Amino acid sequence: MTESASKDKSKQLDEGLERGMAALTEAKIEKAINRVLTGETGARLKAYVETCIHCGLCSEACHYFLSHDRDPRYSPVGKVKQTLWEMLKKRGRVSPEFIKQARLISSTQCNLCKRCAMYCPFGIDVAYLMLVVRRICHLLGVTPRYIQDTAHSHSVNMNQMWVKEDEWIDTLQWQEDEARGDLPNLRIPLEKEGAEIMYSVIGPEPKFQAQLIYQAAVIMNVAGLDWTMPATPGWDNSDMAMFTGDNELMGRLKRVHFETAMRLKVKKIVMGECGHAFRSVYDVGNRWLGWRMPPIPIVHAIDFYYDLLKTGRLKVAKKFEEPVTLHDPCNVVRGGGLADKARYVVNALCENFIEMHPNREHNICCCAGGGVINAGPPYKMVRIEGNRVKAEQLFAVKAKGATVLITPCHNCHSGLEDINHHYHIGFEIKFLGDILYEVIEKPAG
Amino acid sequence: MHDLYAFVRGPLAWAAFGVFIGGSLYRLLHLLMLVHRKEKFIYSYMSWKYSLRSILHWMTPFAAVNMRMNRVLTVVTFAFHLGLILTPVLLLSHVLLWEESWGLSWWTLPDGVADVMTVIVIAGCGYFLVRRLAQPEVRYVTSASDYVILAIAAAPFVTGFLAYHQWFAYEILFILHILSGEIMLAAIPFTRLSHMLFAPFTRAYMGSEFGGVRHARDW
């Protein structure tokens, strides 16, 4: 029972873990663990560890636990037992193999969705504890290779996908050109100082989802907004460093992002439909930089669309007819309170909205977030098998008639695609922006 | 036997209350100083409104989703904790001791009610023990200390119940009752029974984060 359940699951070797582990010595491990557990952490860690009464009530919250037939190794507290409790008990004297297992548990068997924080009678934040474990593993250089590669890209280019500066500008101009098919006078204003809005996206959008930039440009132009996008690094709001435990890099990224907005003298940053980036700019990264709340207002796409529809700047020509359901992303709903606004937008755009259950703060995670999908192909089945309950939840809402699944988050999107495909659920998965783009009144082109 | 009684009733009682009160203050101050020294940002997120919102939700039976998912446990937990705290405070014979020593007295429970509450606490301990052994996700995270604190909590009630009904050797049980009560008091600050001290703070912090930053419910 002491062996981590992940061992038999991921047969593919992860070079990032193997090579990282090979370079470890017990002395290095002890030093890193103590640096974090006695140096970097404080009252929260202490209170959480000493208050936990080992009741197991957090288990019910976790999709991994539920999907693995209530295997206790997958319960939130079970994961803490296998990682942090052991490190504390042995005062950091654990083996390299232990560190590798701790990395697998904290980075591929927990999405940091914080659902368990709502099920713990004491409000213990197990996601925070898993981040502490990730931090230790990062300091020891034991990180899944794929996500470490994205972190390297962040470090070199200030974006997640190795997008070079000229490629970024090219992509925006290309999308501008394309979108002029819709609106002949459409602009994607670059570097417009003093604009009201800086629109920011995640690295994967220019890399392979450029149509999302196209759609956003159409929405901005139809609504007649004063907006801009930066031509310099700082345009990417995503943040894999937050998930690997590389807090220093996270700080660099967020600083560049906020400073780009400051340089352009915009009034607010509007961001695309991404959950983890919202967490990074609104909750985690800003704090690392010493900002209680973001230094410049951050408006998530849900909030943005809500405002445009509510104030009538966008009008719906003809509502989307197919029955839709909505998956609430953890980072913007449990993390940003956008549940009601998301429903307002869905109802404004669609004829027929069918709720899945549980929903809102209690929705079941997509199992892709928290950097788990970014840990790459070796863990694809870990995600899919670890979220059978999501498939069950989706089948139930499909049985009520929903055929389109909306989720306003990139990670949720990709994770749910995999679940949809593997379990043959048969949903068409869309962003809110996909539907918004489709149904709004556009001036005749 | 009289000497022993005088000892547990006198110096040891002083020591137990001293450790309980002093230890609790020490643990709480230590925690707050740690916040002050290393995680000062926590203050800036704390909100009375959302702290109380969260605490009240979690003090109300069935107000949280998880309580509704575990109905039996919720009933047992609330009954157990109410009995655990109220019975010793409102027991007639305890209040008589306070009056005898300090001239203080207050409203007391009828003995019959106190007796029932004692049985509930003991039964609650039994339930927790069985749950710990039988439910895999609980057993998996159980360590020896979990059984020890359960025993510490059960002992004053078991001995008190037996002493009240004067079954077995009354005098010994009576002394054991006082002794086990003192052990429990002294253990609160220094075992995970300290959740009694810390829970309001962890709850308040999570409540503040969920209410003030995340704009979501935490129950």
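Readers should treat all values here as calculations from the given coordinates under stated rules, not as data from a laboratory. The shown structure was predicted, so the numbers you read here are calculated from the model rather than taken from an experiment. Don't worry about glycine lacking a Cβ; one is built from the backbone with ideal geometry, like all the others, and counts go over all protein chains shown.
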- Message: What do you get for the angle between helix A:210-222 and the principal long axis of chain A? Use alpha-carbon atoms, 0 to 90 degrees, nearest ten.
- Response: 50
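Rank the residues B:159, A:108, A:171 as a footprinting-exposure proxy: fewest other Cβ atoms within 10 Å of their Cβ go first. Walk me through the intermediate numbers first.
On the way: B:159 21, A:108 27, A:171 17.
Fewest-to-most Cβ neighbours within 10 Å comes out as A:171, B:159, A:108.
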- Item | Of the trypsin sites (Lys or Arg not before Pro) in the stretch A:280-365, those whose Cβ has at most 16 other Cβ within 10 Å and which sit in DSSP loop | A:292, A:313, A:315, A:318, A:319
- Task: Note down the relative contact order for the stretch B:143-182 as a percent, whole number, built from C-alpha pairs under 8 angstrom at least six residues apart.
- Result: 42
- Between the stretch A:79-99 and the stretch B:1-75, how many Å separate their Cα centres? 28
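Going down the list A:319/A:398; A:265/B:49; A:28/A:89; A:89/B:38; A:46/B:49, which pairs span over 29 Å between their C-alpha atoms?
Pairs exceeding the cut-off: A:265/B:49.
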- Query: Can you list the aspartates and glutamates whose alpha carbon sits under 14 Å from that of residue A:192, skipping same-chain ones fewer than 8 residues off?
  - Reply: A:226
- Task: Measure out, as a whole number of angstrom, how far apart the alpha-carbon centroids of the stretch A:342-407 and the stretch B:110-176 sit.
- Result: 45
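Report, as an integer, the average count of C-beta atoms from other chains found within 10 Å of each Cβ along B:39-47. List each step's numbers first, then the result.
Numbers: counts 5, 1, 3, 3, 0, 3, 3, 0, 0.
Average per residue, whole number: 2.
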- Message: Below 8 Å between Cα atoms, with a sequence gap of 6+, how large is the relative contact order for chain A in percent?
- Response: 17
- Message: Per-residue Cβ counts within 10 Å, from other chains only, averaged over A:37-44: what number is that?
- Response: 5
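Would you mind computing the Rg to Rh ratio of the stretch A:316-439 from its alpha-carbon coordinates, Kirkwood style for Rh? Can you show the working numbers first?
Numbers: Rg = 13.8 Å, Rh = 14.5 Å.
Ratio of gyration radius to Kirkwood radius: 0.95.
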- Message: How big is the dipole moment of the protein assembly as shown about its Cα centre under a simple scheme where the beta carbon of each Lys and Arg is +1, that of each Asp and Glu is -1, and everything else is neutral? Debye, nearest 20, please.
- Response: 800
- Which of A:115, B:37, A:19, B:9 comes first, and how do the rest follow, when ranked by fewest Cβ neighbours within 10 Å? B:37, A:19, B:9, A:115
- Could you state the angle between the C-alpha long axis of helix A:145-157 and the longest principal axis of the C-alpha atoms of chain A, as a value from 0 to 90 degrees rounded to the nearest 10? 50
- Using the Kirkwood formula over every pair of different C-alpha atoms, what hydrodynamic radius in Å results for the stretch B:132-219? 15.8
- Task: Take the stretch A:155-309, compute every pairwise Cα distance, and split them into 5 Å bins from 0; I just need the percent in each bin.
- Result: 2, 10, 20, 24, 22, 14, 6, 2, 1, 0
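So which chymotrypsin sites (Phe, Trp or Tyr not before Pro) in the stretch A:53-133 end up in coil per DSSP with only 14 or fewer other C-beta atoms within 10 Å? The partial results should precede the final answer.
Numbers: sites: A:64, A:65, A:74, A:85, A:98, A:119, A:122, A:128; in loops: A:119, A:122.
Answer in residue order: no site qualifies.
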- chain B, Gaussian network, Cα under 10 Å: of B:121, B:76, B:65, the residue fluctuating most is B:65
- How many times 2.2 N^0.38 Å is the alpha carbon radius of gyration of chain A? 0.98
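Select from the stretch A:194-297 those GluC sites (Glu not before Pro) which occupy a DSSP coil region and have at most 15 other Cβ atoms within 10 Å, ordered by residue number. If you can, show how the numbers build up before the last one.
Values: sites: A:196, A:248, A:259, A:273; in loops: A:196, A:273.
Counting only loop positions with at most 15 other Cβ atoms within 10 Å, the GluC sites (Glu not before Pro) in the stretch A:194-297 are A:196.
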- Could you work out how far helix B:144-164 tilts from the main Cα principal axis of chain B, as a 0 to 90 degree angle to the nearest 10? 40
- Message: Run the simple label-point estimate for residue B:168 and residue A:353 please: 7 Å along Cα→C-beta, distance reported in nm.
- Response: 6.3
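Please report A:440, B:42 as a ranked list, fewest other C-beta atoms within 10 angstrom at the top and most at the bottom.
Numbers: A:440 21, B:42 18.
Fewest-to-most ranking of A:440, B:42: B:42, A:440.
For Cα pairs less than 8 Å apart in space and 6+ apart in sequence, what is the mean separation divided by the residue count of the stretch A:379-445, i.e. the relative contact order in percent?
Working: 45 pairs, mean separation 23.7, N = 67.
About 35 percent, as a whole number.
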- May I ask you to compute the full-extension gain from residue A:417 to residue A:93, defined as 0.36 nm times their residue separation minus their alpha-carbon distance, rounded to one decimal in nm? 112.5 nm
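So if I take the alpha carbon set of chain B, get Rg, then get Rh from the Kirkwood formula, what is the Rg over Rh ratio?
Numbers: Rg = 19.6 Å, Rh = 19.6 Å.
Looking at chain B, the ratio lands at 1.00.
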